[in-house]
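Undergrad: Here's a structure for you.
The values are calculated or read from the model by the stated rules, or taken from the named source; none is laboratory data. This is a predicted model, so every value here is computed, not measured. Neighbour counts are summed over all protein chains in view; Cβ atoms, including those assigned to glycine, are modelled from backbone coordinates with ideal geometry.
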Amino acid sequence: MITLLIKLASLLAVVLLLTAYLVLIERKLLGRFQLRYGPNRAGFHGLLQSFADGIKLLLKEDIVPAGADRFIFIYAPAIVAIVPLLLLAVIPFGDTSILMGKEIPMVIANLNVGVLYVLALSSLGVYGVILGGWAANSKYSLLGAIRATAQMISYELALGLSLVPVVMLAHSFSMVDIVNAQARYPFILVQPVAFIIFIISAMAEAKRLPFDLPEAENELMAGFHTEYSGMRFALFFLGEYINMIALGALVAVFFLGGWRGPLLPPVIWLLLKILLVPFLLIWTRATLPRLRYDQLMHFGWKFLVPVALLNIVFSGGIILWMGS
């Protein structure tokens, strides 16, 4: 129990610290992409900007609209923030480590159905968005929530299908077994199509440009969180950035070999691989325009899903041929 509590506390502290500075890194990188400085006033080169933003949101008035469903309105943001944290429970951060004279697995929960756990939790994130938009009793929020729900459900299918070849190669649903199956080479080398489908679907799941239709402020003001303020808005914001870290961890485990790498400690290797995905998402945000909604849905259903299905059939044929 003590070991589990230490793991949980360490993971929570690292993730929250990473999230705080990921916001700053995004603002700094977007500034450079757009030929401006970005935040540089709070602390040395703006290093305290995220903490200043957190204090500002904490002190802002928390308003609940008069016609809102108060209970759901208050607790919906917590679902958005908690779900990506729960995803990290099955991410292996290394093989084993010595703690208090014992050999401790570097994973909070090594589930033998880890991939199914990930897919189940990713579908739960939809509830926080749809409930938050519906409970606010605002047409703008409801339209944003409906957009978000349709988008997330559509791209969850392609995301799940992209992982089928990975499971076929690893012969296991366990995240630890998937990393161990990449001892000789990362799966990105043999499953580049699955990787591309997964990363595009992950961008849509995270509602990042060019897939940020749920927050299309030109039409909907701010999408599903229009009526939120103070710390409840901050929870939506926090959930988005924790989700970026969780998606980076999933990409690292499924396609980049997890903690494996030469010279550096396993945790450092995993952290570097995790941070590649947020950097890619930020770069994409600075580069690509937003899609139209019909383009978004057509791309998911008419392109990604068929390609993912064809990739499963092709991968299965190759595995059978190699096995024979």
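Undergrad: Among the residues of the range 301-317, which ones are surrounded by 19 or more Cβ atoms within 10 Å (Cβ to Cβ) and touching a Ser or Thr at 6+ places or on another chain (Cβ under 8 Å)?
TA: Correct list: Leu304, Ala308, Asn311.
Undergrad: Could you tell me whether any residue of the range 217-231 is among the aliphatic types (A, V, I, L, M) and under 22 Å from the mean Cα position of the chain (by Cα)?
TA: yes
Undergrad: Shifting gears a bit: So which of Phe233, Phe224, Phe237 ends up being modelled with pLDDT under 90 and out of contact with any helix residue (DSSP H, G or I) (no Cβ under 7 Å at 6 or more places or on another chain)?
TA: Phe237 is the lone residue from the list that is modelled with pLDDT under 90 and out of contact with any helix residue (DSSP H, G or I) (no Cβ under 7 Å at 6 or more places or on another chain).
Undergrad: Here's something else I'd like to know. Specify the residue that is modelled with the highest pLDDT; the eligible residues are those in the range 276-300 that are of a type in the set (Lys, Arg) and surrounded by 14 or more Cβ atoms within 10 Å (Cβ to Cβ).
TA: So, considering only residues that are of a type in the set (Lys, Arg) and surrounded by 14 or more Cβ atoms within 10 Å (Cβ to Cβ), the one modelled with the highest pLDDT is Arg285.
Undergrad: A further question follows. Since Ala183 meets every condition but one in (1) surrounded by fewer than 17 Cβ atoms within 10 Å (Cβ to Cβ); (2) part of a helix (DSSP H, G or I), which condition does it not meet?
TA: (2)
Undergrad: Just to be sure I understand the filter: pairs with C-beta atoms under 8 Å, separated by 6 or more residues or on different chains, first member in the range 223-247 and free of Cβ contacts under 8 Å to residues at least 12 places away in the same chain and more than 25 Å from Phe198 (Cα to Cα), second member charged (D, E, K, R) and outside any helix (DSSP H, G or I). Which pairs pass?
TA: Close Cβ pairs (under 8 Å, with a partner that is charged (D, E, K, R) and outside any helix (DSSP H, G or I)) do not exist here.
Undergrad: I'd like to verify a number: residues in the range 129-151 that are within 15 Å of Asp294 (Cα to Cα), without any contact (Cβ under 8 Å) to a residue 60 or more places away in the chain and crowded, with 20+ Cβ neighbours inside 10 Å, how many?
TA: Residues meeting the conditions: 0.
Undergrad: If you don't mind, another one. Report, ordered by the first and then the second residue, all pairs with beta carbons closer than 7 Å, sequence separation of six or more or different chains, a first member in the range 57-73 that is on the phi < 0 side of the Ramachandran plot, and a second member that is aromatic (Phe, Trp, Tyr) and part of a helix (DSSP H, G or I).
TA: That search, which allows pairs on different chains as well, returns Leu57/Phe233; Val64/Phe73.
Undergrad: Against the condition under 20 Å from Ile199 (Cβ atoms), at pLDDT below 90 and not basic (Lys, Arg), how does Leu264 come out, does it pass?
TA: In short, no.
Undergrad: Identify all residues within the range 189-222 that are part of a helix (DSSP H, G or I) and surrounded by fewer than 18 Cβ atoms within 10 Å (Cβ to Cβ); write none if there are none.
TA: Kept after step one, since they are part of a helix (DSSP H, G or I), are these residues of the range 189-222: 189, 192-205, 213-215, 217-220.
Across the range 189-222, the qualifying residues are Leu189, Pro192, Val193, Ile196, Glu217, Asn218, Glu219.
Undergrad: Also: Val267: touching a residue at least 60 places away in the same chain (Cβ under 8 Å) and buried (at least 23 other Cβ atoms within 10 Å of the Cβ), yes or no?
TA: Criteria not met by Val267.
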